[in-house]
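Student: Mind looking over this structure? Questions follow.
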Amino acid sequence: MKKYGAEFFGTFWLVLGGCGSAVLAAAFPNVGIGLLGVALAFGLTVLTMAFAIGHISGCHLNPAVSVGLWAGGRFPAKELPPYFIAQVLGAIAAGGVLYLIASGKPGFELSAGFASNGYGDHSPGGYSLLAALISEIVMTMMFLIVILGATDKRAPQGLAPIAIGLCLTLIHLISIPVTNTSVNPARSTGVAVFVGEWAISQLWLFWLAPIVGSLLGAAIYRFIGSEEK
């Protein structure tokens, strides 16, 4: 139960830190952190939690990462359901805390998006469903390649959290305009349940694409990262 608790609180921190920066601080008058700040916030949540709970649960914080690690031969299949549950519940709990904070400001409206992921009319840049699908698959694929490579026993030890955190920052720098960046079904679910309507109806893409991307990333790393015989 300790590792499931670690995943709950780790995912809670990711959603509260990442989505919280987008909702509360991105466009704050005069001193807003903007897209660069939001991207960095997501990376920092993973970086800090990797050091804090990596030795307890592996610090997945993401159903797609758990699936990718399973496909990469690093994680048992029997652990997938409880990890998924812990991650999604942690994300929803963070969404609830963020809602309580954000709704304390006059004029707050969930219709503004609440950092939800979307495509078409709900994409920050108006990108199509196909563009969103490709973006989420490719970004998650690259994320898994970096995760599997950085945590390989042949890689420099102790530096994986830095590489993984910076990779997530880079992913957000690239794809926030396309989908608000998911690459994480739990992150998407944690805020979508509060927005409802369109966010729920589009949520399927932010489960499907990251999981497909994680499987591709695992397959690629198993090929390029396999030791020579």
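Student: So what are the radius of gyration and Dmax for the Cα set of region 1-62, in Å?
Tutor: 13.0, 44
Student: Checking the cross-link filter: which aspartates and glutamates have an alpha carbon closer than 14 Å to that of K3, excluding same-chain neighbours under 8 positions apart?
Tutor: Here the aspartates and glutamates satisfying the reach criterion relative to K3 are E79.
Student: Which of the aspartates and glutamates could a cross-linker bridge to K105, judged by Cα under 18 Å and excluding same-chain residues fewer than eight apart?
Tutor: none
Student: With springs connecting C-alpha atoms under 10 Å apart, model the chain as a Gaussian network and identify which of G17, G34, G213 has the largest mean-square fluctuation.
Tutor: So, out of G17, G34, G213, the one fluctuating most is G34.
Student: Sorted by mean Cβ packing within 10 Å, highest first, what order do the peptides 152-165, 121-134 take?
Tutor: Put in order of decreasing packing, that is 121-134, 152-165.
Student: If region 68-130 were replaced by its equivalent ellipsoid, with semi-axes equal to the square roots of 5 times the Cα gyration tensor eigenvalues, what would those be, largest first, whole Å?
Tutor: 31, 20, 7
Student: In addition: Which whole DSSP H helices in the chain pass both tests: a Cα extent of 18 Å or more along the axis and a mean Kyte-Doolittle value no lower than 1.6?
Tutor: Going by DSSP H runs, the hits are 34-57, 80-102, 129-150, 160-179, 205-224.
Student: Moving on to the next point. Mean 1/r over all different Cα pairs, inverted: what Kirkwood radius does region 3-103 give, in Å?
Tutor: One decimal place: 14.0 Å for the Kirkwood radius.
Student: Sticking with this one: Percent relative contact order of the chain, based on C-alpha pairs within less than 8 angstrom and at least six residues apart?
Tutor: It comes to 30 percent, rounded to a whole number.
Student: Further question: Note the listed values (1) 33, 22, 15; (2) 28, 18, 16; (3) 38, 17, 16, then indicate which one is semi-axes √(5λ) of the Cα gyration tensor in Å calculated from this particular structure.
Tutor: Computed from the coordinates, semi-axes √(5λ) of the Cα gyration tensor in Å corresponds to (2).
Student: Once you keep just the Cα pairs under 8 angstrom separated by 6 or more residues, what percentage relative contact order results for region 1-110?
Tutor: The normalised contact order for region 1-110 reaches 41 percent.
Student: Also, I was wondering about something else. Order the peptides 9-15, 203-209 from the highest to the lowest mean number of other Cβ atoms within 10 Å of their residues.
Tutor: 9-15, 203-209
Student: OK, next. Would you please name the GluC sites (Glu not before Pro) within region 137-229 that are DSSP coil residues with at most 12 other C-beta atoms within 10 Å of their C-beta?
Tutor: Filter output for region 137-229: E227, E228.
Values in this text are rule-based calculations from the coordinates and carry no lab data. Just so it is clear, the structure is predicted and the values come from calculations on it, not from any experiment. All Cβ positions, glycine included, derive from the backbone under ideal geometry; neighbour counts span all protein chains shown.
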